[in-house]
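One structure is given here, and the rest of the page talks about it.
The values are calculated or read from the model by the stated rules, or taken from the named source; none is laboratory data. Just so it is clear, the structure is predicted and the values come from calculations on it, not from any experiment. Methodologically, a virtual Cβ is constructed for each residue, glycine included, from the backbone with ideal geometry; neighbour enumeration extends over all protein chains shown. Just so you know, the surface numbers come from the protein's heavy atoms only, side chains and all, with ligands and any DNA or RNA stripped out. Shrake-Rupley method; radii C 1.70, N 1.55, O 1.52, S 1.80 Å.
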Amino acid sequence: MSKYLLLLHEPPDGFSRYSPEEMQAIIRKYQAWHSRLAEAGRLHGSEKLRDDGGRRLSRKGGRLVVDGPFSETKEVIGGFFLIEADGYEEAAQLCRDCPHLDYGSIELREVEPIPVSA
């Protein structure tokens, strides 16, 4: 089995329109989906990224350039999940009921392991 990274894309202010009660209901949906993956032994990690802050780093003209938190963009990465699946098809099937699809999109990428030398 391979590991797949699910990058959760959303508008920068995508969740700001929800009341605290609505946000709690949304969080419970994510927690339930998270628990189902964990119980099936498919979840290897997940984190929500902070709504503010962050930096975009690049090297231009031999010096480090820091933009932040986002370059001109219409969406941000709000979090990620790391899952295990037999291929892209199965990974996509595991995502079919992910609550994030109601609020944004998911970028699905296979992780290519890098051997660690001693």
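Every residue, every condition in (1) within 19 Å of Arg96 (Cα to Cα); (2) open to solvent by 90 Å² or more (accessible area, probe 1.4 Å); (3) of a type in the set (A, V, I, L, M, F, W, C), yes or no:
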{"residue": "Phe15", "(1), (2), (3)": "no, no, yes"}
{"residue": "Trp33", "(1), (2), (3)": "yes, no, yes"}
{"residue": "Arg55", "(1), (2), (3)": "no, yes, no"}
{"residue": "Arg59", "(1), (2), (3)": "no, yes, no"}
{"residue": "Gly79", "(1), (2), (3)": "yes, no, no"}
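A search for C-beta distances below 8 Å between a residue of segment 82-93 that is without any contact (Cβ under 8 Å) to a residue 24 or more places away in the chain and over 15 Å from Ala40 (Cα atoms) and any residue that is of a type outside the set (Phe, Trp, Tyr) and surrounded by 12 or more Cβ atoms within 10 Å (Cβ to Cβ), counting only pairs 6+ apart in sequence or on different chains, returns Ala92/Leu108.
When segment 41-53 is examined, which residues are found to be within 23 Å of Tyr4 (Cα to Cα) and either of a type in the set (Ser, Thr, Tyr) or at pLDDT below 80 (or both)? Scanning segment 41-53 gives a single hit, Ser46.
When we screen Met1, Met23 for residues that are closer than 29 Å to Leu94 by Cα, exposed (fewer than 15 other Cβ atoms within 10 Å of the Cβ) and in contact (Cβ under 8 Å) with a residue 60 or more places away in the chain, the only hit is Met1.
Conditions tested, residue by residue: (1) within 17 Å of Pro12 (Cα to Cα); (2) open to solvent by 60 Å² or more (accessible area, probe 1.4 Å); (3) at pLDDT 95 or above.
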{"site": "Val76", "(1), (2), (3)": "yes, no, no"}
{"site": "Glu89", "(1), (2), (3)": "no, yes, yes"}
{"site": "Pro99", "(1), (2), (3)": "no, no, yes"}
{"site": "Pro113", "(1), (2), (3)": "no, yes, no"}
